[in-house]
Every structure is written in C-alpha cells, then in structure tokens.
Amino acid sequence: MAIRNEPTVTPQLVAEHGLKPDEYERILALIGRTPTFTELGIFSAMWNEHCSYKSSKVHLRGLPISAPWVIQGPGENAGVIDIGDGLAVVFKMESHNHPSYIEPYQGATTGVGGILRDVFTMGARPIACLDALSFGDPKHPKTRQLVAGVVAGVGGYGNSFGVPTVGGQMRFHPRYNGNNLVNAMAVGLAEADKIFYAAASGVGMPIVYLGSKTGRDGIHGATMASAEFGADAEEKRPTVQVGDPFSEKLLLEACLEIMEKDCVIAIQDMGAAGLTCSAVEMGAKGDLGVDLDLDAVPCRETGMSAYEMMLSESQERMLMVLKPEKEQEAAAIFRKWGLDFAIVGRTTPTQRFIVRHGGDVMVDLPIKELGDEAPVYNRPFVETPKRAVIDAKDVKHPMAVADALETLLATPELCSKRWVWEQYDHVIGGNTVQRPGGDAAVVRVQDGPKALALTADVTPRYCEADPYEGGKQAVAEAWRNITAVGGRPLAITDNLNFGNPEKPEIMGQFVGCIRGIGEACKALDFPVVSGNVSLYNETNGRGILPTPTIGGVGLLDDFTRSATLAFKTGGEAILLIGDTAGWLGQSVYLRDIGGREEGAPPPVDLAVEKRNGDLVRSLIVDGQATAVHDLSDGGLLVALAEMAMASGIGATLDATEDHAFWFGEDQARYLVTTRDADAVTARAKAAGVPVRRLGVTGGAVLTLPGERPILITKLRDRHEAWLPAYMADAIVGA
C-alpha cells in the first residue's frame, strides 16, 4: 500500500535499515506486498539483533531459569525472585555500549534510566544500581574523555533520580578502544503478589501513553546498537537518546501510584524501538491486536512523521493497558505529577498491528509474526583453541615480591576505583550497609533485618583464553562475592557483550561462554532470571574481549552479621581457605609484571566452589569469621593487601613461598580472619575444605619472610593515586 509523503521502499533503503536481502524476502512473503516506509522501519527495529536476539536465542534456551524462589524468569521487563515475608526482588542488567561511545554522558544516563524503568514497570521501587564499565587503553586519546563522560552520566542520572549506585567494576584494556562497555543493573523491591506484566488482556481496552513527550532523539537507536562501528561512528550521534532523571522520578511515583490504585491491566516501558516494541510486545503476549492513533501521541516537536514517532527512543515513557473504569482516576494521578497521559489506541481481537496518522493507515501488520517470525540464526561457530598451561617454573620474576605488590596495586587494573564511586551517591535512601569497594554491596531490605548482597563481575581475559572456563568463572566469582559478605546467592542477571556473531570465532566465544555460564548456574543453584545480549561490539573489524557480565543477587537473613574485608583488630589469625597451586596463566601478575598476556586461565571446579563457599558462609553466619575476602585478580597477596588497606592494620606472614603462590589466581579461595583458628580449622577439615594458617594481623606493615617490610600507608597511597592522577591528566604518557 502506498502512503502519501513517504519515500518508496528500495533495495538501498532496505540495506540502510540493516535488513539483509533474504530477510527482506521473508518480510515480503509474510505480508504479501511491499511494506510502507514506516512498516520497513518497524521490521528493522523488531528484527534487529538488539530486539530479536536472532543470533543468540538458540543458545540462551539452554540456561537454567527456574528455582523454587523464582517468580519470573527471562521474557519480561525484569526477573523476579521471592525473598520471603511477602517481598520480591526485581532486577535486570542491560547495556548502553554503542550510545555511550558516541555520546558518553547521555549514553550512560539513558542506560541507567532505561534499566530503572525495566524494574519499576514490574511494580517495584528501585533500591540500588550497579554498573560494569570497560574502557580502552589509558594511553588512547579518547579514553579519558569516555571515562569522564560515562562516570558523570551514571552518577548524574542515579543521583538525581534518588537511587544509590552501590557497586560494580571498571577495567581498561586496548581491546575496548573503539567500543567501551556500559552495563547498568537495577534492583527493586515489590510485594510478591503485586507484580505487573506486559501481556495485554481484554478487547477494546484503552492503550495509554504515559510520561514525557516524544521527540526525534534516539530514532534508529536499536538498529545502531545492532551494527559494528566504522569511520562513521560520530555521525550516529543523533541516534543517542537524551535523559531527564527528574522526569523519570515523577514517572516512577505516578506509575507506582496507579498500580496501587489497581488501574493497570498491563504495562511496558518504551525502551529500544520505543512505541513500536512496547505496543507489539503487549499485544503479542496477550494474543491481541493493537490499533494506535498517532494523532493522539504527545509530541515535543512539530511535524513528526509516523515513522519518527514509531521509532523514537525518547526517554521516560511508558505504555499501559488501562482498566476502562479507572481512566479518570489514572489521568488525574499523572496530571498531578505533571506528566502526559493520553489514550492512543485500543486492544482488538484481530491480532493485527494497525497504526493510523493524519487519516491514513500507515501500518497494517500481523502482530505476533512481527516477533515470532523474526529470523533465528544458528550461526556457524568454531570453538576457541585451547591455550597452553603455563608452568610457573618457566616464568621469570623481574622484581621482588614486595616490589611486585606495590607495582600491581598502582596499575589501571588493580588500582582503587574510589574516584569513580565517590561521584555516585551510594548511601541515598539510608539502607546501604556495605558501600562500594568490597566484595559485594549490602543493602538493607526496608528496616531489616534482611538485606540483599549485590555484585557485578566478569574476567574478560579468562573468557577470551577459554570461553567455557571463563563463563564458569564469571558466575563462580559473582557467587563468591555474595558468599564473602555472608549472603546466600539466589539468582543472576547477565549482560552478554561480544563482537560480530557473523564471524565463527566470535560466535564460538559466545557459545563457549554460554555453556560455562549454564553449567555454573546449575551446579551452584544460581539461575538466570533476566539479561541482555549486546553483539557487534566491534570497530573496524576488531572486536572487544568477550565480556559476559554477571550481576548477582543474594540474601542475608540479618544484615548486622554481614562480613567485610577489613581486618578488625590485631592478634587475629589469617587463614587461607582453598587450594593454592600458583596458577599464573592469564593472571594480572603475568601480564603487568611479566609482560605476557597468555596461557590458559585457571580451571573452575564447581563442586569445590560450592563446598568452600558454603563453609565460609557458615563461618560468617556463626560469627567465627571476623573478616572475609574472596581471592580473584592479583591473587593472594593483593587480596591480603586490600584487607590491610581497608583497615590500616598490617600483618605478619610466616609462609615462605614463591611469586606464584602470592600472585597466582587459583579459584575457589577466600581469606578469613578469626579469633579461634583451631575451631575454624577443625570445621574446615570436617567439611573436607583445605585450610592453611598464613600469619597474624597487627602493626602497620605487611611482613613476609625474606622481604622488606611493606608500609600499609605507602601501599594505600600508591593504590589510591593512579586513577585521580590519570583523570587529572597528570600521568606522563597516558
């Protein structure tokens, strides 16, 4: 059907919309005619990688998604788990990678805003955010600008909205030079029997547009996020949305109020592909049609076309199916909060998606097939070749252990990230029990005594060297982080960041990581309840490190019994839980001290992870562990130094060991301090868990046999100095 004032669809126009010739033929067969320009835009949005998961869907189906405490798994705006006492936790993680490279501040702010909407769309009040940020080589001319813009954007939105940003991670690596990663996670609380879903129900029900007005920002945002970058990256700036956290705060309060007043049949936020995706998903999930009248859509710009309105990704907007008898009440609530409220359509029994504008039918498409008939690719892949295991005896050590420790703690990888998290309000709301800088954040549930343990983690260099082991390790690391504060791990959300899936070696990384993640989730009873896939993170043919970020949520029965990593006092025994073989392959030590980024990563024995972690958690709950820290990047001595720096208390170590022992990155390990080493040792031996006494806390230095004393104050100064100096442009050559 031809529409006045719309361009004719041509092969060039199809290609510009990211649709391949065979995909366009699929569209022609589905609708039996040439699509209108607006329909082409809708297919482009619904069938791109970002919305359809066409390259990942076949592999994601193998992930474990259920447990007795899971209320809602993948497929809704966010996952939901039951934490007892009539309460549920709603959480999800998503990426805003491409927009944050083009426009760092707005890309990051709208990433935070979008994930917050996913949570409160389900009826939950957000109580915490986390982020996972990956940047390029510090010496790259764009890195400092990206760091400054992204961190300011994350803080600017979260702080203004009024939700604490309580944890996360940040890394630098040259492979992110052209594609920084911005993964944002939001966590909310809701009543377990009052969760709101996206599926529409009932024929003739009013469809209501809520929130801010529609503009031309973000058009083709989802399509842009489904393509790799080239020389034209800067030209894509208009596809980046603009956020307003104050409007979103109003939207939150208005949505929660109409939910409380029982006005809502179904609700969906307008995220990727805006009005198109939200309307199609609500109708399709309810086996209903949707009839929209764009003349009723509140717009902030004049002369907007149907194409622009349907594909705009303007922020702070929702679509709702309303109970008809509640129309006046709901409208009054939204107007009270100063937000737009407009009936823009109705549900129909036809299973057609009809869009009208200016008296014309601009779109007439089968609604379920828009999603169900999207291409699903089982792309060819090749498994990542195994790397050689590095024998620690073959590694040369250019400096003494004490010098290596001081050097490592001042590297971009291991330096303090305080400069980042001090720009975030991490205590607003008054429920943050453990702030950023520890193994996991701890956030009190209402007035307690329950609390949530929250973390976001992944080790990309492991995932590249061995995707299967790297996928396992990412889940195990999140599980350890939660365990180390005393939490019982319950579920994860994931953000799977990879390069171009059309390359078999990249698809092999994806498949390997998914296999590892799935196996670890099953073994640790740690199901996946939500997530996001971000592909085509590639610039000029060079992809990022595979980065499947894992966001973990756990539960503490009593927040006052949570553990921290800081030494508490002198005279306490320091115990190492878990075996140490001195694994140097893919370690930070081997790369940053030895100059070799190579070898196989440490293997992950999931049965050992569970056994060791369950013991540590029981020690915390029973009050026998005074401080706990899990071992990860940098190994044993780095973890020990972090415990000392957090407290200002030193330690005397009596273990005479080599560099591999102190800096190897063997898995399933924790450091524990205790007042009763004999009792803890006996419990470990009874549980079949290796335990070794390393020394005792006390003084103001770290003392190792055969090494010069290491002043804690000097360590802390070096640890804290690198990032502020870098951001102040005070580091020569960076």
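The values are calculated or read from the model by the stated rules, or taken from the named source; none is laboratory data. Predicted model only: the values in this text are computed from it and were never measured. Cβ coordinates were reconstructed from backbone atoms using ideal geometry, including for glycine residues, and neighbour counts include every protein chain displayed. Note: areas computed on protein heavy atoms with side chains; ligands, DNA, RNA excluded. Shrake-Rupley method; radii C 1.70, N 1.55, O 1.52, S 1.80 Å.
Quick check on packing: order 427-435, 275-283 by the mean number of other C-beta atoms within 10 Å, highest mean leading.
275-283, 427-435
Amide H to amide H, which residues 5 or more places from V242 or on other chains are under 5 Å from it, using H placed in the peptide plane?
Distant-sequence amide H within range of V242: Q315.
Sort out for me the Cα centre separation of the range 451-530 from the range 157-171, rounded to whole Å.
Centre-to-centre (Cα) distance: 22 Å.
With all protein chains present, how much of the accessible area of the range 498-645 (probe radius 1.4 Å) comes from carbon and sulfur, to the nearest whole percent?
47
What area, in nm² and to one decimal, does the C-alpha convex hull of the chain cast on average over all directions?
29.6
Hey, could you grab the Kirkwood Rh for the range 435-501? Inverse mean 1/r over distinct alpha carbon pairs, Å, one decimal.
Every distinct Cα pair counted, the radius reaches 13.2 Å.
Please list 197-204, 460-467 highest first by mean number of surrounding beta-carbon atoms within 10 Å per residue.
Descending mean neighbour count gives 460-467, 197-204.
Whole-Hz ³J(HN,Hα) for each residue in the range 655-670, computed from phi via Karplus 6.51 cos²θ - 1.76 cosθ + 1.60 with θ = phi - 60°, x for glycine and proline: what do you get?
7, 8, 9, 9, 4, 5, 5, 6, 10, x, 10, 4, 8, 6, 10, 9
Just how far, in whole angstrom, is the range 266-283 from the range 573-620 if you go by their alpha carbon centroids?
44
Below 8 Å, C-alpha to C-alpha, sequence gap of six or more: please give me the relative contact order for the chain in percent.
So the answer I get is 15 percent.
Beyond 22 Å, what share of the Cα-Cα pairs of the range 597-734 remains, rounded to the nearest whole percent?
Of all Cα-Cα pairs in the range 597-734, 47 percent lie more than 22 Å apart.
Tilt of helix 327-336 relative to the longest C-alpha principal axis of the chain, in degrees (0 to 90, nearest 10)?
The angle comes out at about 60 degrees.
Could you give the radius of gyration (one decimal) and Dmax (whole number) of the Cα atoms in the range 399-541, in Å?
Gyration radius and largest Cα-Cα distance of the range 399-541: 17.7, 52 Å.
Could you tell me which of rounded, prolate or oblate describes the range 1-145, using a ≥ b ≥ c as the square roots of the eigenvalues of the alpha-carbon gyration tensor, with rounded for a/c under 1.5 and, failing that, prolate when a/b is larger than b/c and oblate otherwise?
Cα axes put the range 1-145 in the oblate bin.
Working from the alpha-carbon coordinates of the range 576-637, get Rg over Rh, Rh being the Kirkwood radius.
Reported Rg/Rh, Kirkwood definition of Rh: 1.06.
Ignoring solvent entirely, what values of log10 I(q)/I(0) come out of the Debye formula for the range 86-150 at 0.27 Å⁻¹ when each Cα is a single scatterer?
-1.14
Could you state the orientation-averaged shadow area of the convex hull built on the Cα atoms of the range 492-555, in nm² to one decimal?
4.4
When ranked by the protection proxy of mean other Cβ atoms within 10 Å per residue, highest first, what sequence do the peptides 175-185, 584-594 form?
Averaged packing, sorted descending, gives the order 175-185, 584-594.
With respect to the cross-link table entries K368/K472; K92/K285; K503/K610, which display a Cα-Cα separation exceeding 27 Å?
K368/K472; K503/K610
Given H placed 1.01 Å from N in the peptide plane, which residues other than close sequence neighbours of R352 have an amide H under 5 Å from its amide H?
Amide H neighbours of R352: G289, V290, I367.
Working out 0.36 nm times the residue gap between A655 and E191, then minus their Cα-Cα distance, what length gain in nm do you get to one decimal?
Here the answer is 161.9 nm.
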